[in-house]
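Structure first, commentary second.
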Amino acid sequence: MKLQYAPVDALARLVEDLRLAETGSLSVLDLSDSPILYSHQIIPLSVGILKGVVEGHPKLGTGREITTSQVFFIDTDLGLARTLSRWYRLGVSAQNGSC
């Protein structure tokens, strides 16, 4: 049996984005088209995921409650999270009314 969770190019983009975030080289301007996730919560499963209401998602649109794929990076001070497929800008949190 062969199982591939994600295409190699998607994983390469993820690694590059994590490097940018880790070194502080991430440009907020580059993320201005990223979807915003409001009322977000971190869901404690075996891997971290987010749940919230999305705005501006290229496939899911706006106003839907979604659950993301695995979160590989999150910085609530910057209001950013990176899943396998994309960056999310974090709007108001469900827990405390802030990012």
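Throughout, read-outs are computed from the coordinates displayed, never taken from laboratory work. The model shown is predicted, which means the values in this text are computed figures rather than measured ones. Using ideal geometry, Cβ is built from the backbone for each residue, glycine included, and neighbour counts are taken over all protein chains shown.
A compact table of results
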quantity	calculated
Cα shape, segment 1-53, gyration tensor, a/c 1.5 rule	oblate
Simple spin-label estimate for E22 and K59 in nanometres, 7 Å along Cα-Cβ	2.6
Kirkwood-based shape ratio for the chain, expressed as Rg/Rh from alpha carbons	0.97
Whole-Hz ³J(HN,Hα) from phi, Karplus 6.51 cos²θ - 1.76 cosθ + 1.60, for segment 31-39, glycine and proline x	9, 5, 8, 5, x, 9, 10, 9, 6
